[in-house]
Structures are given as C-alpha cells and as structure tokens.
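The next block holds one structure in the form of structure tokens; read it before the comments.
The values are calculated or read from the model by the stated rules, or taken from the named source; none is laboratory data. What you see is a predicted model, and the numbers here were worked out from it, not measured in a lab. For neighbour counting, all protein chains shown are included, and Cβ atoms are generated from backbone atoms with ideal geometry for every residue, glycine included. These accessible areas exclude ligands, DNA and RNA; they are computed on the full protein's heavy atoms, side chains included. Shrake-Rupley method; radii C 1.70, N 1.55, O 1.52, S 1.80 Å.
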Amino acid sequence: MVRLALDAVAIPLRAANRLHAGTDSQNTVVWTNDDLEKLHALGLISIVGRIDEERPTSASAPGPYVRTQDPEWYAVQAAKLREELERRRAQLREYRQALEDARSLRKATGGMNLDESDIGITPRAAIEILERRVNEAQTELNALEDLARRNDIPPGTLRGQ
C-alpha cells in the first residue's frame with residue numbers, strides 16, 4: 001500500500017523533473033496523447049478545449065441559409081417557371097391559330113408585330129422560334145425539379161401543394 005502511494009507521488013515528480021518543451025536544453029521532449037492523459041488523470045495539467053467526440057450536437061448554431069434546401073424557394077421558382085412556360089405555350093397557340101385563320105381566310109388578322117425580337121421571316125421559322133422558347137422554359141423547369149429531387153425537397157412543393 002505504501003509502495004503504491006510512493007509510486008503515485010513519484011510519477012508526477014519525475015514528470016516535473018523532466019525537461020519541458022521550450023527549455024534551453026539540447027534534448028527535445030515530445031509529449032504523446034497517452035502522456036497527456038496520464039498527467040490529466042493525476043490533476044497535473046488541464047486540457048483546454050473539447051475533444052471532437054465531446055462536442056455537443058444539440059446546441060449547434062444553425063448553418064447559413066442555403067436556398068437549395070428551402071422548400072419555399074423551390075415553390076416560388078417553380079411558380080415563376082410554370083407561368084413563363086404557360087405564357088410561351090399561349091404565344092405558340094395564338095400564332096398557330098393566326099396562321100390557320102390566315103390560311104382558311106376565316107378572319108383577317110391585324111398583322112404581325114415586327115417589333116418583337118427573333119421574329120421569323122417565314123411562318124415556319126416563327127413557329128420554330130416559339131417552340132424553342134417553350135422547350136427552353138420546360139428545360140429550366142425540369143432542371144429545377146432535378147435540383148429539388150437531389151436536395152430531398154418533396155415533389156408537391158414544386159406544384160404548390
């Protein structure tokens with residue numbers, strides 16, 4: 001029993017008598033994690049900071065806002081793209097109907113708005129331009145749906161549900 005008490009006192013004394021890091025000696029002492037644990041258990045050192053396993057997980061601060069994780073952002077973006085897609089589809093329908101009316105001479109049209117950009121020189125070229133616009137809007141909506149799926153956003157969110 002006495003020997004155990006002497007050993008318990010001798011270990012810290014040997015640690016105290018050893019050369020320490022930062023002294024002017026030629027020998028460098030490297031402390032290992034095991035050495036630090038022994039000294040900490042004896043109450044000779046304090047470990048400042050936390051070890052990774054001891055970090056609290058429940059008290060973590062919320063991370064920065066990431067819009068691709070926000071279901072509301074997806075709903076707003078999908079609504080905008082659906083409106084754009086429907087507007088372009090309506091333009092294409094109206095143009096096709098105007099061409100059909102002109103072919104059958106059912107009613108006279110007021111003419112074509114030549115002030116619009118990308119106006120087609122021929123009716124077929126104009127239809128191709130309008131179809132391309134519809135496809136571009138659909139592609140953007142599909143890309144948004146893919147992004148939402150990768151970020152685990154429920155599918156109904158994009159449909160406004």
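Count of the stretch 130-161 residues, restricted to those that are touching a residue at least 24 places away in the same chain (Cβ under 8 Å) and in a loop (DSSP other than H, G, I, E, B), is 5. All of Val2, Val48, Val30 fail the test of being open to solvent by 90 Å² or more (accessible area, probe 1.4 Å), farther than 30 Å from Asn135 by Cα, at pLDDT below 60 and of a type in the set (Val, Ile, Thr), apart from Val2.
One residue alone among Leu158, Leu141 is of a type outside the set (D, E, K, R), under 26 Å from Val66 (Cβ atoms), at pLDDT below 90 and surrounded by 12 or more Cβ atoms within 10 Å (Cβ to Cβ), and that residue is Leu158. For the stretch 17-27, filtering for residues that are at pLDDT 65 or above and under 47 Å from the mean Cα position of the chain (by Cα) leaves 0.
Among the residues of the stretch 60-75, those that are farther than 12 Å from Glu145 by Cα and loosely packed, with under 14 Cβ neighbours inside 10 Å comprise Ser60, Ala61, Pro62, Gly63, Pro64, Tyr65, Val66, Arg67, Gln69, Glu72.
Contact map, the stretch 92-106: first residue touching a residue at least 24 places away in the same chain (Cβ under 8 Å), second residue surrounded by 10 or more Cβ atoms within 10 Å (Cβ to Cβ), Cβ cut-off under 6 Å, separation 6 or more or different chains; pairs are Leu92/Leu130; Leu92/Val134; Tyr95/Leu130; Leu99/Pro123.
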